[in-house]
Amino acid sequence: MGLWAKAFVLCVVAVVASLVVRVMQKEKLPIIIDGTVQSGFEEVLEAFRANFENGDVEPREGGSAFAAYYKGKQVVNIWGGYADYESSQPWRHDSMAIVFSVTKGMAALCMAMLVDRGYLDYDQKVVHYWPEFGQNGKENITVKQLLHHEAGLAFIDTPITIDLMMNYHKLGKALAKSPPIWEPGTTHGYHAFTLGLYASQLLTRADPKKRTLGEYFRDEVARPFGIEFYIGLPKELNYRVARYFTDGKDLNGVKSFLRSQMDPINRQITWGTVTGQNKRKEVFGNFADASDFYKFNDPRNREFECPSATGYGTAEALAKVYGIIANGGKTTDRKQLLPEKLIKMIEEGGTPLLDDYTSRIPSRFSYGFHRLTYQDREMLGHIGHGGNNAYADSLVWDL
């Protein structure tokens with residue numbers, strides 16, 4: 001064996017040994033499950049507990065929460081595990097997490113509220129509100145096409161860094177000048193990082209008060225309806241945010257990746273990325289700075305707004321929003337979030353189920369929301385990285 005080969009073997013042995021020592025030194029903490037479940041929903045708690053006890057879904061070192069509303073009333077609000085395993089900090093009732101693309105559902109809600117109030121029209125061209133947008137082949141893109149992921153702007157010609165996203169005016173200029181990568185309106189492709197950025201710039205120009213999307217959500221959704229969710233986290237709330245415990249390259253990241261490959265859809269995405277059949281390399285490469293998710297353990301990076309991916313909140317907050325939507329757009333005391341007619345239009349509209357241009361797997365979007373069919377049930381909401389999901393089951397209306 002040559003010198004370099006021996007050195008390589010020694011390095012591998014040293015890394016493995018250090019990981020083994022670290023695991024042995026950290027005594028396993030007890031499993032903690034807490035919360036409330038209404039009568040008739042006890043099986044949800046048992047399934048949630050099994051995730052931790054069996055290790056099939058959730059790593060024991062992590063934490064999570066689940067909440068559900070039925071006919072406008074909370075029926076499940078449970079949490080478990082650790083917000084920070086290294087410091088033995090348990091997940092609590094008010095622990096918040098970064099929910100990644102689930103944030104897009106909240107962005108879509110804000111856009112729908114503008115439409116309901118007459119400040120935005122889905123069928124109007126984006127340039128009607130944002131003239132600078134009409135550069136390099138984007139002159140005829142409609143609001144609906146943008147929110148349907150049909151605008152061809154899944155990645156732009158300027159790398160999107162955290163510094164750029166902190167400069168709202170400069171970011172708007174970069175988004176406005178970028179050309180589409182396919183002919184707008186001809187197909188849809190997941191705008192993983194750009195959708196919320198474009199939506200916020202558009203909302204600012206359509207909103208009479210010229211707020212950002214995060215500000216609009218705070219003023220029109222969070223405060224009036226008691227929703228504990230933030231797009232742009234206040235500094236004083238950082239102590240409540242769960243630590244993101246893997247950057248995808250360490251042992252936790254490897255375990256999470258291998259677990260994800262049990263899903264055939266994830267295997268298809270991985271194969272498409274390796275072979276170049278999809279556009280994930282371009283999407284993530286263009287957003288490489290902010291897609292280093294470890295950076296969101298830094299409180300300074302939680303403050304800026306990215307309505308595509310950096311929303312923070314509790315499971316209960318997201319369940320409450322979608323519980324109102326599933327309840328016809330009104331709370332149990334008849335306070336209206338959205339009219340039922342508009343919700344029905346969004347739930348029944350959108351793109352056809354086609355192979356997504358960027359991921360090459362079947363997907364369907366509607367006015368910024370993700371449409372999901374599960375066991376013959378139609379749901380409206382959004383999926384997110386890291387196992388985050390938030391949906392309204394439309395069939396609840398008929399129960």
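Bear in mind that the values in this text are calculations on the coordinates, not laboratory data. This structure is a prediction, so every number in the text was calculated from the model and none was measured. All Cβ positions, glycine included, derive from the backbone under ideal geometry; neighbour counts span all protein chains shown.
Results, tabulated for the structure shown:
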read-out: FRET E, pair His93, Glu378, Förster distance 41 Å, beta-carbon r, rounded to 0.05; value: 0.85
read-out: Cβ charges +1 (Lys, Arg) and -1 (Asp, Glu), total dipole of the range 27-95, debye; value: 340 debye
read-out: Between the range 157-217 and the range 273-343, the alpha-carbon center distance in angstrom; value: 15 Å
read-out: Amide H within-cut-off set for Lys330, under 5 Å, with H built and near neighbours excluded; value: Leu337
read-out: Table column - 3J(HN,Hα) (Hz), the range 179-188, Karplus curve with 6.51, -1.76, 1.60, x for Gly and Pro; value: x, x, 9, 9, 5, x, x, 8, 7, 10
read-out: Convex hull projection area averaged over all views, the range 27-95, Cα basis, nm²; value: 4.8 nm²
read-out: Average Cα contact separation per residue, the chain, under 8 Å, 6 or more apart, as relative contact order %; value: 21 percent
read-out: Residue among Gly226, Ala154, Tyr82 farthest towards the positive dipole end of the chain, charges placed on Cβ; value: Ala154
read-out: Magnitude of the charge dipole, the chain, Cβ model with Lys/Arg +1 and Asp/Glu -1, debye to 20; value: 600 debye
read-out: For the chain, share of DSSP beta bridges that run antiparallel, in % to the nearest 5; value: 95 percent
read-out: Greater than 27 Å apart at Cα, pairs in Lys210/Lys279; Lys210/Lys335; Lys235/Lys344; Lys125/Lys341; Lys71/Lys344; value: Lys210/Lys279; Lys235/Lys344
read-out: Cross-link reach list, lysines versus Lys255, counting only Cα pairs under 23 Å and skipping chain neighbours closer than eight places; value: Lys26, Lys28, Lys281, Lys295
read-out: The range 27-95 - percent relative contact order, Cα under 8 Å, separation 6 or more; value: 33 percent
read-out: Average Cα contact separation per residue, the range 154-300, under 8 Å, 6 or more apart, as relative contact order %; value: 30 percent
read-out: Helix-only CD estimate at 222 nm, as mean residue ellipticity for the chain, using -39500 (n - 2.57) per DSSP H run (n ≥ 4); value: -10000 deg cm²/dmol
